[in-house]
Amino acid sequence: MLSRRFILALAAACLGGTLAAPAQAKSMPYNGKPVLVPGIVQAENFDLGGDNVGYHTKDNINHLGQYRPTEGVSLEKSTDTGGGYNVGWARAGDWLNYTIKVDKAGTYTLQTRVACLGQGGSFHYKLDFVDATPQQTIPDTGGWQNWITLTTTIQLPAGRHVLQLHEDTPGADGSGDVGNFNWIKLKKSGSGGDGRQKILNFLNSTSGVATVVGIHNKYSSTPHSYTDENDAIAGRPSALWGGDFLFGDQVQYRGRMISEAKAQYAKGALVALTYHACSPKRDEYCEWDDIGGNNHAQLTNEEFRQLTTPGNGLYNTWISRLDTLAGYFQDLKDQGVAVVFRPLHEMNQCVFWWACHTGPNGSARLYQITHDYLTYTKGLTNIVWAWNIQDFSSMPNDLTKYDPGASYYDVVTLDIYESAFRQDFYDAVVNFAKGKPVAVGEVQYMPTADKLKQQPKWTWVMQWSDFIYDNDHMIANLYAAPNVTTLDEMPGW
C-alpha cells in the first residue's frame, strides 16, 4: 500500500506538471565546521557522507589509500608549495562537495590549483547544486605535479552553502582523467573588476549615440605629451588616452606609463593600452625595425607551434613576458583601475611576427593563451579585451580567418589606414561583432562628425600619434560635434 506521504508528494509533483527530483542528501563539512570564506578550501577535505552525498567518483576507490583511505576519492601527497595532499584520478562526471560559510555577499575571485600531464579536461563549480561558474579547461602544465592557478569569478550570498567542484570533460590522453586538484581559494573581488563592467556598460550605452575620441602616446618617457599637444589643437580634452608597454630603451619607462594610466582613469578617461612585443626569439630590447620595420623578425610555422605549446622554450619566454605585464595590470587592479588592452594587434598585418599565422597553433591561439593566462592564471579581472585587425582588402575574410572566438574579446576593433572608413567595412565589423561593441583601434586620418553619423556604432576612435599634424585642420570641429564625446562629457568611473 502506498503511504499517504508518497501519495501527497506524487500529487504535488503532478500538479506542477513534472515529477520533482529527489532532494540532494545533505553532506557535512570534513572537520565539523564549514570553511570560512574568504579563505582556502583544501581539495582533499571534501565533505563527509560518502559516495553520492559528500562526493561522487566513477569507481569509488582511493587508489593509493592515502590520507582518507576509507573514502572513494583518490588522494596523493603533493609536491606543490605548502605540501599536503591533492585529489588525483579525477574523472569526467566526478564531483566533490565543500561546505563553506561566506562572510559577506558579493563577487568573489575563485582560484583553483591544478596540474596535468598533457591537455586536461574541463570543470566548473556549482553553488547549492546550481551551476555558478563557466567551464574552465586545464592546460598541459608539463606534469601531474607541475601546478598552475586558474581563476574565475563567482557570486556568493552570505551564510552557509555547499560549493561543488564538478569535473565535466576528460583530457586528451584517453584515460578519462580531467586533472589534479590541490586547493580552491576564494577572495572578495577588488574594484578593478567593477571598473571593467562599468567600461563595458558605458561602451554599450554610447554605441550608436556618440563616439569617444583621443590619441595614442607612443613614448612612455613622456606618456601624456601627445594628448597635451592634441588637446591644445582641439581646444577640448580627449576622452580616450592611449598608452603603450613598448620595447627597447622605452621598457624602463613602463612604470611612468602605468602612473599616467592611473591619472587618466581618475580623470574619467577611457584608458587603452597596446603592447608592441619583441619577438620571443630575442629579448625585449629590440628596435622598431625588428618588430614591424625593415628587418622585422618572423617565426616559422614550427616555431609558432612551439610558441603555442606548453613546455617549449618559446612558450616559456612568452609566459615570462606576460608575467611582467601581469605585475603592471595587478598594480592597476589594486588601485581599482580598469583598462582596455589590445594585444597582438593587427593580426592580419604580416610584417608583425605575431600575425598571419593560421591553424590550431596560429596567431589566434597565441591570443587565446595571452587572454587565458592573464585572466585565469593571474586573476586579472580589470581588463577589457580588444581584438584587432587592419583594414586591408582582405579584411572581411580576415575577421573569421583570425578569430580567436567571441568569448576571448569584449570589443572588436579595426585599424583604419587603407580604406578611409569604407561603409561596407564598417558593416562587416558590426555584423561580425554580433552586438558586442566595435571601435577603431588606431587611425591615420580621423573621421568627420558626418562620417560618424553614418557609422554611429564606433564606440571610440584613437588617432595614432605619428599623424597628429595630418588632422590638425579638423580636430577642433570634430571634438566640438554633438555626436563626439570629450573628457568633460565622460560619466566618470
So, of the residues in segment 423-466 that are without any contact (Cβ under 8 Å) to a residue 24 or more places away in the chain and small (Gly, Ala, Ser), which turns out to be surrounded by the most Cβ atoms within 10 Å (Cβ to Cβ)?
Ala433
Within segment 154-209, can you find the residues that are of a type in the set (Gly, Ala, Ser), closer than 30 Å to Val35 by Cβ and not in a loop (DSSP other than H, G, I, E, B)?
Gly159, Gly179, Ser191, Gly192, Gly193, Gly195
Residues that are basic (Lys, Arg), assigned to a strand (DSSP E or B) and touching a Pro at 6+ places or on another chain (Cβ under 8 Å): does segment 105-122 have at least one?
no
Please determine whether any residue of segment 52-65 is closer than 24 Å to Ala158 by Cβ, in contact with a strand residue (DSSP E or B) (Cβ under 6 Å, 6 or more places away or on another chain) and small (Gly, Ala, Ser).
yes
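On the given criteria, is Ser393 modelled with pLDDT of 95 or more, in the same structural domain as Gln349 (by TED's automatic domain parsing) and small (Gly, Ala, Ser)? Break it down into steps so the answer makes sense when it comes.
On the way: modelled with pLDDT of 95 or more: yes; in the same structural domain as Gln349 (by TED's automatic domain parsing): yes; small (Gly, Ala, Ser): yes.
Answer is yes for this residue.
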Filter segment 406-422 down to residues that are out of contact with any helix residue (DSSP H, G or I) (no Cβ under 7 Å at 6 or more places or on another chain) and surrounded by fewer than 20 Cβ atoms within 10 Å (Cβ to Cβ) and give me whichever is nearest to Thr137 (Cα to Cα).
Ser407
For Tyr426, state whether it is touching a Gly at 6+ places or on another chain (Cβ under 9 Å), among the hydroxyl-bearing types (Ser, Thr, Tyr), at negative phi and at pLDDT 95 or above.
no
Report, by residue number, each residue of segment 90-125 that is more than 14 Å from Ile154 (Cα to Cα) and surrounded by fewer than 22 Cβ atoms within 10 Å (Cβ to Cβ).
Arg91, Ala92, Gly93, Trp95, Lys101, Asp103, Leu117, Gly118, Gln119, Ser122
Taking segment 321-359 and keeping residues closer than 28 Å to Lys401 by Cα and either part of a helix (DSSP H, G or I) or not assigned by TED's automatic domain parsing to the domain that holds Glu442 (or both) leaves Arg321, Leu322, Leu325
Checking Glu284 against (1) within 21 Å of Lys262 (Cβ to Cβ); (2) among the acidic types (Asp, Glu); (3) in a loop (DSSP other than H, G, I, E, B): exactly one of these is not met. Which one?
(1)
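The values are calculated or read from the model by the stated rules, or taken from the named source; none is laboratory data. Just so it is clear, the structure is predicted and the values come from calculations on it, not from any experiment. Don't worry about glycine lacking a Cβ; one is built from the backbone with ideal geometry, like all the others, and counts go over all protein chains shown.
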